[in-house]
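*Asks:* Sharing a structure with you now.
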Amino acid sequence: MNQAGSVEALLRQAQQLITKDATSAALQFARVLADAEHLRLSPQQRISLGLSLGLAQFASPFATIPLLNRALGTLHDTLAFANTLPVPDAKPAIKGAFDPDKALMLMNRTLAGLAERDCVAFAFGGVLLGLTRDGCLLPFDKDLDVVVPLNYFNRVCQLLTNDGWKRSWVPVQADNFACFLDADTGITLDVFAYAFDRQHIEVIGGWWPRGLDREQGRVLRFSPFAPELLTQSDGRFWRIKHPESVLTELYGAHWRVADPLFDSTLETPALSNWTLYTRVWAALKLLEAWTQGHLPRMQRILTVIQKRDPTDPLAGMFAGVQRKADQRNNKVS
């Protein structure tokens, strides 16, 4: 195989390599990038390798500050290079396996099964938003979100495995987060654990990366909420009582108005810190949006970054994104 073919083969396998061993994958991507001139990498290959390297560094089983700094440096360099290139044409959205009706039945059955075995677990995030606002799951959602008290987390994960859910790899490696896949439907289930602060006046959630102090991760803070047991035709399970206040803290005061561009990871008002960890995630999201040619999403993420930290180098990049978005829209119309 020639050099160009070898690089393309590496890029096709990037996700698989990161999933298998993020540390080894990062070394492979870094070696190829270091030899970019000799290998005559195309601009698109450099961007793709930079994204893969940053993701592999971020997805390490144990996060460290030096590793996150390397990931951020990788992504900043790649974004700076992307800033010299035209934004790619927009790629059509790929519809996932999420069927709202099947997903709701699966979620209710799963929650009812957990409740039967004395586990507190209830819908959260986009699931709670859709059920409260629209009376159904959001049609553009991609997974199910379930929250459990921290002391139930390990037991819930074990019960889900016993029930046939398969652990699914995701870049977030956190002590209070796990992702599962239902093989029959292809639907994924994200399980988050929360705890109360020492004074018992706040609920602490988010992502608590392995290897870091909790406050160095992505910390969400909520007013205390109370789950209650509800009985419906498809079972008896836990649901948040008076979810409106939680949704306001999670999505903002205008949560009743649909906003497909809203990024709950970065934009939620409940996010209490803007750490190195969240900055890496924002850079990953921005670079991913660039590769997809998704100008409105790029603009949205840049706005979030600038609001959180106006001194962030990314805040000054892609100054013409909105102008390019307007030009592209004019061409379409």
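*Asks:* Within the chain, how many Lys pairs sit with Cα atoms under 20 Å apart, leaving out pairs fewer than 8 places apart on the same chain?
*Replies:* For the chain, the number of qualifying lysine pairs is 13.
*Asks:* Computed over the Cα atoms of the range 219-307, what is the ratio Rg over Rh, Rh following Kirkwood? Please report the intermediate quantities before stating the final value.
*Replies:* Values: Rg = 16.4 Å, Rh = 15.2 Å.
Checking Rg against Rh, the ratio lands at 1.08.
*Asks:* Residues of the range 76-107 with backbone nitrogen within less than 13 Å of a virtual label 7 Å along the Cα-to-Cβ line of Asp163, please, listed as ranges.
*Replies:* From the range 76-107, the list is 104-107.
*Asks:* Which value in deg cm²/dmol, rounded to the nearest 500, describes the helix-derived mean residue ellipticity at 222 nm for the chain, given -39,500 (n - 2.57) per DSSP H run of n ≥ 4 and division by the residue count?
*Replies:* Numbers: 14 runs with 159 residues, N = 333.
Rounded to the nearest 500, it is -14500 deg cm²/dmol.
*Asks:* Could you sort the peptides 307-314, 264-271 by per-residue average Cβ neighbour count (10 Å cutoff), highest mean leading? Walk me through the numbers before you get to the answer.
*Replies:* On the way: 307-314: 14.0, 264-271: 18.1.
Taking the mean over residues of other Cβ atoms within 10 Å, the ranking is 264-271, 307-314.
*Asks:* Contour minus end-to-end for Val257 and Asp213, with contour as 0.36 nm per residue of separation and end-to-end as the Cα-Cα distance? Could the numbers behind the result be given before it?
*Replies:* Values: separation 44, 0.36 × 44 = 15.84 nm, distance 3.56 nm.
Fully extending the segment from Val257 to Asp213 adds 12.3 nm.
*Asks:* Rounded to the nearest 20 Debye, what is the dipole magnitude of the chain about its Cα centre when Lys and Arg each give +1 and Asp and Glu each give -1 at the C-beta?
*Replies:* Details: 35 positive and 34 negative charges, 122 e Å.
Dipole magnitude for the chain comes out near 580 debye.
*Asks:* Shifting gears a bit: How high is the FRET efficiency between Ala319 and Asn151 when r is their beta carbon distance and R₀ equals 41 Å, given to the nearest 0.05?
*Replies:* Approximately 0.25, to the nearest 0.05.
*Asks:* Right, next: Select from Gly252, Gly126, Phe180 the residue farthest towards the positive end of the dipole of the range 100-262; place +1 on Cβ of Lys and Arg, -1 on Cβ of Asp and Glu, and compute about the Cα centre.
*Replies:* Phe180
*Asks:* Separate question: So the label point goes 7 Å from the Cα of Phe62 along Cα→C-beta, right? Which residues of the range 192-216 then have their backbone N under 16 Å from it?
*Replies:* Inside the label zone: 209-214.
*Asks:* In Å and whole numbers, how far do the C-alpha atoms of the range 100-262 stretch along each principal axis, longest first?
*Replies:* 38, 36, 31
*Asks:* Over the alpha carbons of the range 68-126, what is the largest minus smallest coordinate on each principal axis, giving the biggest first in Å?
*Replies:* Largest to smallest, the principal-axis extents are 56, 32, 14 Å.
*Asks:* Where does the range 87-173 land on Rg(C-alpha)/(2.2 N^0.38 Å)? Write down the numbers at each step before the final one.
*Replies:* Working: Rg = 15.1 Å, N = 87, 2.2 N^0.38 = 12.0 Å.
Here the Cα radius of gyration is 1.26 times the empirical estimate.
*Asks:* Give, rounded to the nearest 20 debye, the magnitude of the charge dipole that the range 100-262 has about its Cα centre when Lys and Arg contribute +1 at Cβ and Asp and Glu contribute -1 at Cβ.
*Replies:* Working: 17 positive and 21 negative charges, 39 e Å.
Here the size comes out at about 180 debye.
*Asks:* Give me Val219, Val170, Val246 ranked fewest to most by other Cβ atoms within 10 Å of their Cβ, as a rough exposure proxy. Mind showing how you got there, number by number?
*Replies:* Numbers: Val219 19, Val170 15, Val246 24.
Lowest to highest Cβ neighbour count: Val170, Val219, Val246.
Any read-out appearing in this document is the output of simple, stated calculations on the displayed coordinates, not a laboratory observation. Values in this document were obtained by computation on a predicted structure and should not be read as measured data. Reconstructed Cβ throughout: ideal geometry from the backbone, glycine too, with neighbour counts over all protein chains shown.
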